[in-house]
1. Place a point 7 Å from Cα of residue 381 in the direction of its Cβ. Which residues in the range 315-346 have their backbone N less than 18 Å from it?
2. Rolling a 1.4 angstrom probe over the protein heavy atoms, how many square angstrom per residue are accessible across the range 307-348?
3. Would you rank 258, 92 by solvent-accessible area, highest first, keeping every protein chain in place and using a 1.4 Å probe?
4. Each label point is 7 Å from the Cα along the Cα-to-Cβ direction; what then is the distance between the points at residue 409 and residue 324, in nm?
5. Which of the pairs 152/180; 83/398; 260/367; 90/180; 260/359 have their Cα atoms more than 20 Å apart in this structure?
6. What's the local net charge at residue 226, with K and R +1, D and E -1, over the other residues with C-beta under 9 Å away?
7. Might you work out the accessible area of residue 217 for me, using a 1.4 Å probe with all protein chains in place, and round it to the nearest 10 Å²?
8. Run the simple label-point estimate for residue 30 and residue 422 please: 7 Å along Cα→C-beta, distance reported in nm.
Amino acid sequence: MYHGRSTGKGPSTPTQIYQQPPRLLIVQIALPSWANTCSNLCEALQNFFSLACSLMGPSRMSLFSLYVVQNQHECILPFVQVKGNFVRLKACISELRMLQREGCFRPYSTSLHLAVQDGLQQFKQYSRHVTTGASLSFTSLEITVLTSQPGKEVVKQLEEGLKDTDLVRVRRLQVVEITKGDLEYMDSVSPAEEPSSDESSILGTDIDLQTIDNDVVSMEIFFKAWLHNSGTDQEHIHLLLPSRCFSNISKARDDSMCLKCDLQERLLSPSLLPGTADGSLRMDDPKGDFSTLYQMASQSSASRYKLRVIKALNSSGICESLTYGLPFILRPTSCWQLDWDELETNQQHFHALCHSLLKREWLLLAKGEPLSGGHSLRQPASTFYVIVPSRSPTLLVKAVATRELMLPSPFPLLPEDPPDDSLKIVESLLDSLELEPSYNPLQAWSHLYSHLSSTFIKPQGRLHPSWESQALRKRPCKAGQLQTNRVRATVAPLPMTPTPGRAPQMPAASKSSSEAFFWPSEEEAGEKNEEEYSWGP
């Protein structure tokens, strides 16, 4: 299998840098643990797809398919294009939500690898029958197995069951164990830790394993990683540092030290979502992210987009009013085309830069070098960026204003002695506010998910108004039996051969001692028929 690389040939295009490979999600259901994970998983999936289907611009997800494994494997959603298919995806999630939650059984271990084989067969058939004008950008598939069973056991079952299977079309095979922990904290979530060398040797190198907590926020964050550009065919950015600052480091031809970096978004631009506060902005607006660094990086193929460091700044030497646009994150590249020695050296230099900037309390001012666009006589405009270090091995990049963009803004000095009466009134008001040590975005509710979901509802009503009522009347009569009114897969299922049958953890979102300060509306809360919001005291 190929890990972290795309099998597609040729340079990346602006569309491809956003689009992720086709994904197959296999949900392994074991009772009674399914009763504790069903609602959280279904809510997280619906929230995620409300975003993925609503994002304007190039599609970030191409194909998606969903299998469930109980006492047998079954495809409840064949491969479909994600964009423009929210109603169908939501119907599939509704069916997943109605699966049996009571009783006690463990799925046959053979069903899991049969689901992988069947899903891979589905993908191959889809690839063969896709029209020439809509050929796939990716020829390999990413498979995620979601389970509440011990992750290491599931990995061993898959390794044994798939040892004779041709997995050349599988880009990545991942097992995600849902732990039994509840949502106790709501601090910012950090990426999953890497497995130790001992654990990696036990698990093998072909199947990745991680864990996530059993709460909506952690699951949402896991699925949102599918929106990131994870391609490793090429590095995105070259960060150039003046060579005179590094006398003992080998120099490039242009007498600069070159750090090869990958670019990652920090957050989604509101301008890419319909009906939001910034939804009226064009995608080439400075507040959007298509016309800035990320798009420039996506257009560079033969020559990488360059950020040339020109000055250092004190950490307190820039006013926040001078930065604009969305920030981006720089990481050491993981491009597979570089040899291991170059990757390791590049990473070490990147980490050394982060440490040095933190120690000196410096920022860097860099100038973007526009890509050459033919023999135009017009000199392209440059963009300047401020680069901010952090305690993690990343650098934050923000666009900063230049002389041409500045408008006159008089800032008279603040009077030193305001009237005592006014001062007492205002201080009394401020004292009544609850003081938080920092802003936590995971506690801020904007009701965006419900708003986006409502935009897909047609004015005349639901697309299939009687679907849910029909499904409720056709409850399964025995364990593992699914409803029969779903869209069936186009490939015949593989034959059943029943046989008998902790890894590093992604920290859950954590919660401060005080209550969340933005709560869902009563209308939004009323849509939760099966559970309460987990963010509360």
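The values are calculated or read from the model by the stated rules, or taken from the named source; none is laboratory data. Given the structure is predicted, the values throughout are model-derived calculations rather than measurements. As a convention, Cβ positions derive from the backbone with ideal geometry for all residues, glycine included, and neighbour counts pool all protein chains shown. Note: accessible area is taken over every heavy atom of the protein model, side chains too, but ligands, DNA and RNA are not part of it. Shrake-Rupley method; radii C 1.70, N 1.55, O 1.52, S 1.80 Å.
1. Counting only backbone N, you get 322-326.
2. 62
3. Final ranking, largest accessible area leading: 258, 92.
4. Computed distance between label sites residue 409 and residue 324 equals 1.1 nm.
5. In this structure, 83/398; 90/180; 260/359 exceed 20 Å between Cα atoms.
6. Net charge in that neighbourhood comes out at +2.
7. The value for residue 217 is about 10 Å².
8. Spacing of the two 7 Å Cα→Cβ label points: 6.7 nm.
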